[in-house]
1. Which pairs do you get when a residue that is over 12 Å from I158 (Cα atoms), found in the range 240-260, comes within reach of a residue that is of a type in the set (D, E, K, R), reach meaning Cβ atoms under 7 angstrom, with the pair 6+ apart or on two chains?
2. Quick one: which of A147, A170 is surrounded by fewer than 21 Cβ atoms within 10 Å (Cβ to Cβ) and free of Cβ contacts under 8 Å to residues at least 12 places away in the same chain?
3. Give the residues of the range 38-65 that are in contact with a Pro (Cβ under 9 Å, 6 or more places away or on another chain) and crowded, with 20+ Cβ neighbours inside 10 Å, sorted by residue number.
4. Could you tell me whether L187 is part of a helix (DSSP H, G or I) and more than 17 Å from the chain's Cα centre (by Cα)?
5. Just checking: which of the helices (runs of 4 or more DSSP H) contained wholly in the range 1-91 hold 3 or more residues that are within 24 Å of A166 (Cβ to Cβ) and within 9 Å of the ligand (Cβ to nearest atom)?
6. Out of curiosity, is A171 within 16 Å of the ligand (Cβ to nearest atom) and hydrophobic (A, V, I, L, M, F, W, C)?
7. For the range 96-103, does any single residue satisfy the condition of being over 30 Å from D253 (Cβ atoms) and of a type in the set (D, E, K, R)?
8. Any residue in the range 184-212 that is aromatic (F, W, Y) sitting within a Cβ distance under 6 Å of a residue that is in a helix (DSSP H, G or I) and crowded, with 17+ Cβ neighbours inside 10 Å? List the pairs, counting only those 6 or more apart or interchain.
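Any read-out appearing in this document is the output of simple, stated calculations on the displayed coordinates, not a laboratory observation. As the structure is a prediction and not an experimental result, all values here were calculated from the model. With ideal geometry, Cβ positions are generated from the backbone for all residues, glycine too; neighbour counts draw on all protein chains shown.
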Amino acid sequence: MVMAGQYTMGYSEEFLQLLDRRNAESHAAYLLPHLDPGLRVLDFGCGPGTISVGLARAVEPGGEVHGVDLEESQVEVARYAAQAGGHDNATFHVGDVTNLPFTDGYFDVAHCHTVLTHVPNTQAALAEVRRVLKPGGMIGCRELFVASSFVEPASEVIDEAWGVFARLLAANGGHPQMGKELKSMLLDAGFSDIEVGASFDFFSAPEDVAFLHAFILDWFFSPRVVEAATTYGLATREQFEIMLRALDEWRTDPGACGAFAFGEAIAHS
Ligand SMILES: C[S@@+](CC[C@H](N)C(=O)[O-])C[C@H]1O[C@@H](n2cnc3c(N)ncnc32)[C@H](O)[C@@H]1O
């Protein structure tokens, strides 16, 4: 069962498949133009490291990337990916973003992708990241906002499913609209010179729609998530069955497409 303050997404194979579709070129495109050889980069909440290794490539030669994640199994996957790809300037650590194992001012750049969405105390995380950044150092964040994520054709039942997802994130101490809140959060943490934008991860090609359908089916309708949502009183099992039928109907519609919405921000310490 998921408990308040726990990480909503979990570390199942189906969620790893979603993360496996990510890389620096597609998911940190807003940050890459700011990276130069020789820079030291922190990737906090790095997960399986599919973005981290692209950041490591961007700071070669002479630069280094340190990925940090709470979960040892993710750090192991990231280490394996870095080794297999020959990224010997990428190092991965098990750790918590609110208590980082680095000295003050160690990094030129900090990056995160869909991490602040899940960390209960945003200001504690940002304060710790700011501590390990050099004065004037840069932070780049790309975070989900559920309110503008969608599948089309939409329906009331599917809209309700997005609502259950958002409320589940919040019940676990997360922030389902963090992508829209980045500017305020960064200002409150003492960052300045803030640029914000937004982008989507879009699913429209038949194989991408099939992937999104399979992901929602295997993750949102998994026993773990259904148990958590029903225990929190966010939906009943009957409502999950109705949502499942709506999802299957959506999948067969020739106009089916969908997207996750993300806010992006760059700021300076
Ligand atoms: C949605 S995954 C994103 C992984 C990766 N950034 C990506 O986008 O592919 C969020 C990751 O943040 C990690 N995480 C959550 N809370 C954390 C914390 N307090 N400190 C470090 N990592 C954390 C989780 O273990 C998980 O691997």
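1. Short answer, once both residue conditions are applied: G255/E152; C257/E152; A259/D201; F260/D201.
2. Numbers: A147 fails: free of Cβ contacts under 8 Å to residues at least 12 places away in the same chain.
When all the criteria are applied, what remains is A170.
3. Here is the first cut: in the range 38-65, the ones in contact with a Pro (Cβ under 9 Å, 6 or more places away or on another chain) are 38, 58-63.
Hits for the range 38-65 are A58, V59, G63.
4. Working: part of a helix (DSSP H, G or I): yes; more than 17 Å from the chain's Cα centre (by Cα): yes.
In short, yes.
5. Values: elements: 13-19, 24-27, 52-58, 72-84.
Those helices (runs of 4 or more DSSP H) span 13-19.
6. Working: within 16 Å of the ligand (Cβ to nearest atom): yes; hydrophobic (A, V, I, L, M, F, W, C): yes.
Answer is yes for this residue.
7. Applying the first criterion (over 30 Å from D253 (Cβ atoms)) to the range 96-103 yields 96-103.
When the remaining residues are screened for being of a type in the set (D, E, K, R), the result is 96.
There is at least one residue in the range 96-103 that is over 30 Å from D253 (Cβ atoms) and of a type in the set (D, E, K, R).
8. F203/V209; F203/L212
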